[in-house]
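Report on one structure; see the data block that follows.
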4 protein chains.
Amino acid sequence: MNTFGQLLRITTFGESHGPAIGCVLDGCPPGLALAPEDFVHDLGRRATGRTRHTSQRHEADAVEILSGVYEGRTTGTPIALLIRNTDARSKDYAAIAQQFRPGHADYTYWAKYGHRDPRGGGRASARETTMRVAAGVVAKAWLRAHAGVEVRGFLAQIGSTRAEGFDAHSPDWSVVEGNPFFWPVADDVPALESAMDALRKSGDSVGARVSVIADAVPAGWGEPVYGKLDAELAAALMSINAVKGVEIGAGFDAVTQPGSVHRDVMRNERGRIEFATNHAGGIVGGISTGQSVRCSIAFKPTSSLRLPVESIDTAGAAVEVVTTGRHDPCVGIRATPICEAMVALVLMDQALRHRAQCGDVAPVDVRLADARKP
Amino acid sequence: MNTFGQLLRITTFGESHGPAIGCVLDGCPPGLALAPEDFVHDLGRRATGRTRHTSQRHEADAVEILSGVYEGRTTGTPIALLIRNTDARSKDYAAIAQQFRPGHADYTYWAKYGHRDPRGGGRASARETTMRVAAGVVAKAWLRAHAGVEVRGFLAQIGSTRAEGFDAHSPDWSVVEGNPFFWPVADDVPALESAMDALRKSGDSVGARVSVIADAVPAGWGEPVYGKLDAELAAALMSINAVKGVEIGAGFDAVTQPGSVHRDVMRNERGRIEFATNHAGGIVGGISTGQSVRCSIAFKPTSSLRLPVESIDTAGAAVEVVTTGRHDPCVGIRATPICEAMVALVLMDQALRHRAQCGDVAPVDVRLADARKP
Amino acid sequence: MNTFGQLLRITTFGESHGPAIGCVLDGCPPGLALAPEDFVHDLGRRATGRTRHTSQRHEADAVEILSGVYEGRTTGTPIALLIRNTDARSKDYAAIAQQFRPGHADYTYWAKYGHRDPRGGGRASARETTMRVAAGVVAKAWLRAHAGVEVRGFLAQIGSTRAEGFDAHSPDWSVVEGNPFFWPVADDVPALESAMDALRKSGDSVGARVSVIADAVPAGWGEPVYGKLDAELAAALMSINAVKGVEIGAGFDAVTQPGSVHRDVMRNERGRIEFATNHAGGIVGGISTGQSVRCSIAFKPTSSLRLPVESIDTAGAAVEVVTTGRHDPCVGIRATPICEAMVALVLMDQALRHRAQCGDVAPVDVRLADARKP
Amino acid sequence: MNTFGQLLRITTFGESHGPAIGCVLDGCPPGLALAPEDFVHDLGRRATGRTRHTSQRHEADAVEILSGVYEGRTTGTPIALLIRNTDARSKDYAAIAQQFRPGHADYTYWAKYGHRDPRGGGRASARETTMRVAAGVVAKAWLRAHAGVEVRGFLAQIGSTRAEGFDAHSPDWSVVEGNPFFWPVADDVPALESAMDALRKSGDSVGARVSVIADAVPAGWGEPVYGKLDAELAAALMSINAVKGVEIGAGFDAVTQPGSVHRDVMRNERGRIEFATNHAGGIVGGISTGQSVRCSIAFKPTSSLRLPVESIDTAGAAVEVVTTGRHDPCVGIRATPICEAMVALVLMDQALRHRAQCGDVAPVDVRLADARKP
C-alpha cells in the first residue's frame, strides 16, 4: 500500500506526469508550528535542476497545505500537502511507452497491473519522493522541538570515490550543505564536479552511498522483535527508489569484526552513560541506546541512459531503448534529503509509540542517578 | 509490536527461559496439509546443540499445533504453535541480571521498560527466532504448493572467510545441506571446522553473511512505494537478532557499477522473458521481475563472550562482565533457516496481497504470447 | 486515524471551511473504468442545498482525480480525489468560536487537542462525509462489475414517522429515488414535506433511521471473530457523524424473538440454497450467507439549532448559544448515500480479502451441485 | 483476521473442541501487576455451568501465563495466555457434522473455507469469547490503576422482560453481581429463574439486551472520523457472537428525540464541567466527553435448540436438525462480562493512542481553572 508508519502515517499519491503529487500525514500531535515556507529548504535540497548535476526538470515544488493546520499550528487532524506538477513533458516518454526499459519498473508494473501510466515512470518515478521530503520536514521539526533530535545526511561515496579524511560520526555539516553533492570533504568538490561532468557527457551513470546520522535520539525508542527501530529504518530506506542495500552502524563490516571489538563498551561518566564506540549504530535489540543512530544506504546507478540498450516491448518484439529525457546521472546525489526524511519519519513514529506504551519520551540523557525506576 | 505481515500475520510470544514460546499464524489459506512432523526438519536445521559449533542448549523443539488445523489440513482460522522450553538454565544468568552486557539488549530494554525478564536474554533472545522458522515452514509449504517457489539459503561468509568458486546464483544445495555451516563449497568445510574450534577456544566470536535465494517467484508480486517487496524483505531480515545489514541483488556493489552494467537486459527467448543478468536481485520498482529473488544479510559477532569486558550495572557501578552460559561463537551459522523463513513469510504475504488486488497468482512463467491483457 | 479499511483503504482529509477536502483511495484493482462524471450522481444525492430540507450551503462538489487513473481506467495505484470548498462562510461561526455548543464536538476536540479549527465544525463537520460518498462511488462500481452487488438505502423513519406499507426487504427503488427524502412510500411524501417545513420553522430538529440493503452479496465474504463483516459494517456506519446505533438484520428486535423464529431455515431449491426468512441480515458468524445484507442506522437530531441553549465557553463562563448558520433540520435525510457508501467500502474490502485468502470471489449463487470442494 | 486493537492488540486462537484456546495480548505497558489468580473472577462470571441457566459444559478455565510477566509484573512484551479445553465432548456434534444448522455459522464457514472444524462450532463457538474476557481482565486492571476507570455491565432485558424501576445510569452493582443473570432489580430474580426454567424445558431460546457503563472515562479519549471511540466500540461489541445491534447513549431512541432534548447541556459547576443529561452516552464527535460511556447491545436467541428444524446437508439433501448438546437457552446472560471486556479493551487502546498523540492521559476531571493550554 501507499501508507507508511503506525502512529505517524504518511500516505502519498501521484504520478510523475499527472496533475499533482501529494500526501496525507496523519497522527501529528497538535500545536506544532507549520507554514508553507517550512518546506522550501528541504524541497530545495532535493529538487531537480538545482545544479547541472541533476535532472533538468524544473518544478516549483510549491506546497499547499490543504488541511490539518489552523492559525499556523497543527490541529492533530490529517495534514494534507499538495504540489502541482508544472514541468511534466510527457512527449519525452511517448516513444518508449510500449517498451520495457531495462532497470526500470516498466515491466514489473505491466506484469502486475496490466494497465499502467507510462508517462515519466508514472507512480514509479522518483518524483514520489518529493512528498517524503515534505512529510519529513514535519517530522524533523517535531523531533527537534520535542527531543532535540537532529537528522542529517551526507554523501559518503559516488561510484568508486569514497569520502575520506573526515569524522564520519560527526562531519562538518556546513561543508556538507555547502556543495551540490552533500559531500563532507570540501577539497574533493572540484574533482567531483569534473567527474560528474564527464559522466554526464558519457551518457552513463553511477551509484552512490548515503550516510544518515540522527543525533540526540534518547535511549528507549523502538520496539523489540518485528517493530525494531532498525527493521523499520531498513524498510523505510529500502522503499526509496534505487536503493539496493541498508546498513545500521558497522553494517557489513560487522561480518569481519570479532565480538570483542564489535561490542560497544559502556561507562559511567559522572552519572551519564557513555559508550567507547558506536558499532551498533545506536540501536541494540531494536531499541535506541542513546547514541547517534547511523545508517548507510546504497543507491544503484540510474537506469535511464543515453547509451542505447537492447530490450523488448509489450508484444515481445526486440527493440533498442535510448532514453532522451531529463535524468540524473547519479540519483544518489539528491537522495540525501530523502534518506533524512525517511529516518525522521521512522523516529517520530517510534517516539509516539514509545510514549503510548511507556509514558513520555525519555530525556536525551538518561542519568544513572535519577534513572528510571521500574 | 510482535506481529509481522499484512495478510499472512505471524505474532510471536515467549521469553528464552519462560515456560514456552509460541506463535499465531493468521491468514493462511484453508486446505494446506500440515502436521507436527512438518516442523522437524527446519527446526532441526536451526536448533542449538546440533553440532559443537553452536550453543549447547538442547531443546526438543517439539511443536504442538493448538488450533487452525483439522484432519491434517489448515482451516483458514489462526494456526497457533507452541513449544515448551525444557532446557532453560536460568542460573547461568543470575550473576549478570543487574549488569548491562555490552552489545546486548540489557540496557535498551531497561531504558525502555524499566522492568524486564533478564533470564537468558528474555524476549531479546534468539530463541524467539524458533517460531519464525516454524511459521516459515508453513509459508514454504504454501509457496511450493501454490507457485513452485523454493526459498533456500547458504552461508556466504564467516568472518573474513568468503565462500568462493561456486555459482552464487545457483549453488549445489546438497552441498549446503551436507555440512553444519550451510556452506556451499564442500572442500572448505574441514578448514572451517578447525577455525571454529579455534575461535570457540579463544572465547571470542565472529560475524557472518547469509545469502537467500527464492527461485521461481513469478513476476508481479510486491507493491510500489511503501509495500515494496524489497522494503518488506529488508524489514523482515533486519528484524532478526544480530543483523546489521541487508542487500538485495547487487546490494552495495551497485554503488560502483555503471548504469550500463547494472541494468539487466531483457530478451524474448521463444516467448519467454529472460534476463541477461540479475543485478536487481529479482525486484524492480518493488515488484518481482520473475527472476530469482536474492538477498544478502550481515550478522554481527555474538556479544556473549568468555573474554571479560568492563561495563556498568543498573546502579551505575563499574563491573566486569564474563559470560559463562552456552553461546554460539558465530550466530550467523544457524541463521540461515531463520533468514529463509523470513523471506518465505514475506513472499507468501505478498502473494496473497497480489491475489487480492490483481486476481490469482501470476504463472511462474509469464509468456509473452498469452501475456496478461489489461 | 483517518484511514478506513484493510485492502481497500480510504484516507480522508480536510476541514469544513479549509481550502479543500479530499481522499486517497488505495488498493483498488487496476482496470476499472473511472471518470470525474461518475461522482456526480451520488455526490448530488448527498449534497446540501439540493432541496429546501437540507442545509443551504451550496457546494459544486466538483471532483478532481489527481492520480491513479490513466486513460480512463484505474491503474492500481492510489486514487486521490480533491474537492475545493467554495461556499464556506466562516463568519457564520466567528461568534461561537470560543463557545462549546451542546451536542457538538467543540468541547471534545478542545479537551483532546487544545488547538482546533472552529470554522464550520472543522474536521468534525459532516462535510467530511462527502469524500466517503466519493470513495463509495468507486466501491459500488467495482462491486457491480465484479459480482453484481447493488448497495442501496432508504429512509425508514423521520422522528416518530415510520415508513410502512412497503416491502422493507425490496422497496421500490424508483420511489426512493423520486423524492428528496429517499422515502420508500410515495404517498407519504407531501405530508413529510409539510412536517419538515414546520420543523424548520420551529428551529428544532429531529432524528432519523436509514436502512441499507446490499443485494447479490455472495456467500463467504467476511472473516470470523474480529474481522466479522457485521463488526466492520458497525464500525463503518457508527463512524458517520450523528450515528448512535447500528443494527444488522433483525437487530434489537432479535431480543424478543424466540430462537425457533429467529433462525433462518435453509432449503435446497433446485440446486440452489434458499432461506425462508432473513432475520440474520445476510450475515452469520461474521460471514455473508448469500442473502441480502441488511443494516439499520439511527441518526440523532442535529444539534445546531436556532433555539437558544445555555452552555459555557473555553474560559468556563456561562453563555447562551444560538446557531444561525445553515444547517439541516434532519441530518438523517441526506445520510442515505453516506450509509450506502460505507457499506460498499466494507463489502469491497472484504471481497478483496476473501479473494486473497480463499481464491477468487465466490459466484453469486453457490450451487450445491458444483459446490466448492475443500 | 483474529487480531483486535491498534496499540493494545489481542490476537485469539483456538477452537471449541481443539486442545486449547489462547490469546496474545500485545502492547500492554510494563509494570502492571498480573497473576493467574486475577483471571478467576471474570472467567467465573462468564463460565458455562455456573448455574443451571447456562450450558452445562464445565471448563476449569485455568489460565496459564506463558510470557510477558516477570516477577508478577508485566514487562511490556507480549502476554500469552493459554487455557486447555478439558470438557469437550465432540461426540455431541458428530451427527450434525455434515448438516447446516440454521442460525449457525456452519454454512458460511463451509461456503468460505470449504474445509472446517465442525466440533462444537469450531472457531465460531462462543468459547472464543473466554479469551476476550481474559484479555479484558488486563485492560480493566490497567484502566483502574491508570485512570480510575470502571467498566461494568448488567442485563437490561431478557426476551420481552425489561429491567425497570432502577437507575439505568448508575445501577446498584451489588445487586447486579448478586444474581446469576446480572440483573439490576433484585425483586425480579425469582420470576426470571422460573421463566428461564420454563424456557429450558420448552427447548426454545430467547434473546437479551446488555448494558455496559464505563465510569470515570476522562474527556479526550477517541479519535475523529474512522477511529472514533463509538465506532470502535461498535465493532468490538458487534464482533461478539450473536450480537445483532449496538447503541451508544440514547441509541435508537435518538431517532424520535428533538434536537433541543437530545443535546446535553454543559454547565460550570465550581470549576468542573457537568452535563445536565447524557444522551450522547459520553461520546461526541468520536471523543469522550468526560461523562460515563454507555452502550447497549442486542443478542439474538441461541440457534441451538432441541426443537427440530428442517435444513439441508453439504450434499444438498433435506435433513431434520435437532441439537442435543449442552447449550445456553439465552446466550445473553453470560454475555455481560464479555461486553465489559470488549469495552475495556477499546478504552485502553484509545487511552494509549491518546497518550501517544497528545501526551499523557487527561485527568479524570478536566478543571476549567487549569484547563489545558494549546
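The values are calculated or read from the model by the stated rules, or taken from the named source; none is laboratory data. Predicted model only: the values in this text are computed from it and were never measured. Cβ atoms come from the backbone with ideal geometry, glycine included; neighbour counts cover every protein chain shown.
At a glance:
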{"quantity": "Whichever residue in segment D:194-213 is crowded, with 23+ Cβ neighbours inside 10 Å and of a type outside the set (A, V, I, L, M) and, among such residues, is farthest from the other protein chains (Cβ to nearest Cβ)", "calculated": "D:SER211"}
{"quantity": "Qualifying residue in segment D:344-352 (condition: facing another protein chain (nearest Cβ under 8 Å) and surrounded by 24 or more Cβ atoms within 10 Å (Cβ to Cβ))", "calculated": "yes"}
{"quantity": "Boolean, D:ALA141 is within 26 Å of D:GLN291 (Cα to Cα), touching a strand residue (DSSP E or B) at 6+ places or on another chain (Cβ under 8 Å), part of a helix (DSSP H, G or I) and at pLDDT 95 or above", "calculated": "yes"}
{"quantity": "Test for B:ASP106: is it closer than 21 Å to B:ALA236 by Cβ and of a type in the set (D, E, K, R)", "calculated": "no"}
{"quantity": "Matching strands (runs of 3 or more DSSP E) fully within segment D:214-329 where at least 1 residues are more than 7 Å from every other protein chain (Cβ to nearest Cβ) and touching a residue at least 24 places away in the same chain (Cβ under 8 Å)", "calculated": "D:243-248, D:272-275, D:293-299, D:318-321"}
{"quantity": "Hey, A:ARG119 among the basic types (Lys, Arg) and within 14 Å of chain B (Cβ to nearest Cβ) or not", "calculated": "no"}
{"quantity": "Residue in segment A:152-167 that is part of a loop (DSSP other than H, G, I, E, B), within 30 Å of D:GLY359 (Cβ to Cβ) and either modelled with pLDDT of 95 or more or in contact with a strand residue (DSSP E or B) (Cβ under 6 Å, 6 or more places away or on another chain) (or both) present", "calculated": "no"}
{"quantity": "Residue check for A:PRO190: within 20 Å of A:ALA208 (Cα to Cα) and of a type outside the set (Lys, Arg)", "calculated": "yes"}
{"quantity": "Among (1) closer than 30 Å to B:GLY359 by Cα; (2) surrounded by 24 or more Cβ atoms within 10 Å (Cβ to Cβ), the one test that A:ALA80 misses", "calculated": "(1)"}
{"quantity": "Options A:ILE273, A:ILE240: the member that is under 25 Å from B:LEU307 (Cβ atoms) and touching a strand residue (DSSP E or B) at 6+ places or on another chain (Cβ under 8 Å)", "calculated": "A:ILE273"}
{"quantity": "Yes/no for B:GLY159 being touching a helix residue (DSSP H, G or I) at 6+ places or on another chain (Cβ under 6 Å) and of a type outside the set (Val, Ile, Thr)", "calculated": "yes"}
{"quantity": "Considering residues of segment D:32-61 that are acidic (Asp, Glu) and closer than 30 Å to B:ALA97 by Cα only, the residue surrounded by the fewest Cβ atoms within 10 Å (Cβ to Cβ)", "calculated": "D:GLU37"}
{"quantity": "Qualifying residue in segment C:174-182 (condition: at the interface with chain D (Cβ under 8 Å from one of its Cβ atoms), touching a residue at least 60 places away in the same chain (Cβ under 8 Å), of a type outside the set (Gly, Ala, Ser) and part of a loop (DSSP other than H, G, I, E, B))", "calculated": "no"}
{"quantity": "Residues that are at the interface with chain D (Cβ under 10 Å from one of its Cβ atoms) and acidic (Asp, Glu), drawn from segment B:1-57", "calculated": "B:GLU15, B:ASP26"}
{"quantity": "Among the residues listed as A:ALA111, A:ALA145, A:ALA186, the single one being closer than 27 Å to A:VAL346 by Cβ, aliphatic (A, V, I, L, M) and either more than 19 Å from the chain's Cα centre (by Cα) or crowded, with 20+ Cβ neighbours inside 10 Å (or both)", "calculated": "A:ALA145"}
{"quantity": "Within segment B:17-31, considering residues that are part of a strand (DSSP E or B) and over 18 Å from the mean Cα position of the chain (by Cα), the one surrounded by the fewest Cβ atoms within 10 Å (Cβ to Cβ)", "calculated": "B:ALA20"}
{"quantity": "Residue within segment B:89-103 that is in contact with a Cys (Cβ under 7 Å, 6 or more places away or on another chain) and either free of Cβ contacts under 8 Å to residues at least 12 places away in the same chain or closer than 23 Å to B:SER205 by Cβ (or both) present", "calculated": "no"}
{"quantity": "Positions within segment D:242-275 being over 30 Å from D:ALA208 (Cβ atoms), of a type in the set (D, E, K, R) and either buried (at least 24 other Cβ atoms within 10 Å of the Cβ) or under 27 Å from the mean Cα position of the chain (by Cα) (or both), in sequence order", "calculated": "D:ARG263"}
{"quantity": "Selection status of D:SER194, touching a strand residue (DSSP E or B) at 6+ places or on another chain (Cβ under 9 Å) and either polar (S, T, N, Q) or at pLDDT below 95 (or both)", "calculated": "no"}
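Quick grid of which residues meet (1) buried (at least 19 other Cβ atoms within 10 Å of the Cβ); (2) away from chain A (no Cβ under 14 Å):
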{"site": "B:VAL63", "(1), (2)": "yes, yes"}
{"site": "B:GLU71", "(1), (2)": "no, yes"}
{"site": "B:THR75", "(1), (2)": "yes, yes"}
{"site": "B:ALA97", "(1), (2)": "no, no"}
{"site": "B:TYR107", "(1), (2)": "yes, no"}
{"site": "B:ALA124", "(1), (2)": "yes, no"}
{"site": "B:LEU155", "(1), (2)": "yes, no"}
{"site": "B:ILE158", "(1), (2)": "yes, no"}
{"site": "B:ALA163", "(1), (2)": "yes, no"}
